[in-house]
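Engineer: Have a look at this one.
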Amino acid sequence: MLDKQSTVPMYVQIEKYLKRHILQGEFPVGKAIPSERELTEQFDVSRMTVRQAITSLVNEGMLYREKGRGTFVTATKVEQPLTRLTSFTEDMFSRGMKASNRLVSFKIITPDKDIQAKLQLSQEEDVYQVIRIRYADNVPMAIEKSYLPVSLMEGLNEKILKESLYAYIEKDRQFAISHATQRMEAALVNKEDAMHLDISIPSAIITIERISFLTTGIPFEVVRSTYRSDRYKFTSEIRR
């Protein structure tokens, strides 16, 4: 129970209580914690105090709110280092998770000027546009919109896209992948992406645009990804 004589604020004590129960598995992943009203009655404190404790854990990523349903325990986030260029399939395999994807769209298009410039294409060159939902252990983790030059990836098809694109590029096309540049931003999810990722509106997301290069210096891919911020985090090591 709480110590009302302690100098530790009540909301901090409630936060520690909830965190302890989450870490011990007494509040399982994906399940709702007791409601604000129940916690208010349990600890004999104001609803504002309970809400402050819950908000702190939401900001920490241990809980997430769903409007009209309650507050739920978040699954452990997938941690993605930013020091290596790997595919989603490789990332999940390294964590003992099963990667899968659902192909939303696959077509040949004439890219806009931004994609043309980033892939160093002429105005006459087309690209494959690939939109996929990426899953880890059957949980939607990200939406990927990829643009690949048809001239480089001739023969790309839906069967290949059900597996690892990078494996196809390296093994079937015999290209050597070198490096990538990427830009990350925080945003709020739109209605369509929220439906694909099975998250509520508003929810925070991480958006990344990556341009990947072969060892020849030729860019072979622009991919714009939308990641669930409640299931994914990115880390980097910085040296002086």
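Engineer: When the accessible area of the chain is computed with all protein chains present and a 1.4 Å probe, what percentage of it is carbon and sulfur? The partial results should precede the final answer.
Structural biologist: Values: 6810 of 13890 Å².
Heavy-atom surface of the chain belonging to carbon and sulfur, 1.4 Å probe: 49 percent.
Engineer: Using +1 at the C-beta of Lys and Arg and -1 at the C-beta of Asp and Glu, which of Thr74, Val223, Met153 has the Cα lying farthest in the positive direction of the dipole of the chain?
Structural biologist: Looking along the dipole axis, the top candidate is Thr74.
Engineer: Also, quick follow-up: Compute the separation of the alpha-carbon centres of the stretch 159-234 and the stretch 1-63 and state it in Å as a whole number.
Structural biologist: 36
Engineer: Between Leu103 and Lys67, what is the FRET efficiency for a Förster distance of 25 Å, r being their Cβ-Cβ separation, to the nearest 0.05?
Structural biologist: Numbers: r = 31 Å, r/R0 = 1.22.
The value I calculate is 0.25.
Engineer: When ranked by the protection proxy of mean other Cβ atoms within 10 Å per residue, highest first, what sequence do the peptides 7-13, 226-232 form? Don't jump to the answer; show the numbers that get you there.
Structural biologist: Working: 7-13: 14.0, 226-232: 21.0.
So the peptides 7-13, 226-232, ranked by packing, come out 226-232, 7-13.
Engineer: Only four residue types carry charge here, +1 at the Cβ of Lys and Arg and -1 at the Cβ of Asp and Glu. Report the dipole size of the chain about the Cα centre in Debye, rounded to the nearest 20. The partial results should precede the final answer.
Structural biologist: Details: 35 positive and 32 negative charges, 101 e Å.
Approximately 480 debye in magnitude.
Engineer: Provide the packing ranking of 50-57, 33-40, i.e. peptides ordered by the mean count of other C-beta atoms within 10 Å per residue, highest first.
Structural biologist: Result, highest mean Cβ count within 10 Å first: 50-57, 33-40.
Engineer: Here is a follow-up. When the dipole is taken about the Cα centre of the stretch 110-201, and only Lys, Arg (+1) and Asp, Glu (-1) are charged at their Cβ, what size is it in debye, to the nearest 20?
Structural biologist: In total the dipole reaches around 160 debye.
Engineer: Leaving out ligands and nucleic acids, and using a 1.4 Å probe, what accessible area per residue does the chain come to in Å²? Each step should come with its number before you reach the end.
Structural biologist: Numbers: 13890 Å² over 240 residues.
With the other protein chains kept in place, the chain gives 58 Å² per residue.
Engineer: At 222 nm, what value in deg cm²/dmol follows for the chain if DSSP H runs of at least 4 each add -39500 (n - 2.57) and the sum is divided by all its residues, to the nearest 500? It would help to have the intermediate numbers written out before the result.
Structural biologist: On the way: 7 runs with 60 residues, N = 240.
When only DSSP H runs of four or more count, the value is -7000 deg cm²/dmol.
Engineer: Determine which lysines satisfy two conditions relative to Lys98: a Cα distance under 17 Å, and not lying fewer than 8 residues away in the same chain.
Structural biologist: Of all the lysines, those that pass the test against Lys98 - Cα under 17 Å, at least 8 places apart if same chain - are Lys77, Lys162.
The values are calculated or read from the model by the stated rules, or taken from the named source; none is laboratory data. Remember, predicted model here, so these are calculated numbers, not experimental data. FYI the Cβ positions are ideal-geometry reconstructions off the backbone, even for glycines, and counts take in every protein chain you see. These area figures cover heavy atoms from the full protein model, side chains too; ligands, DNA and RNA do not enter into them. Shrake-Rupley method; radii C 1.70, N 1.55, O 1.52, S 1.80 Å.
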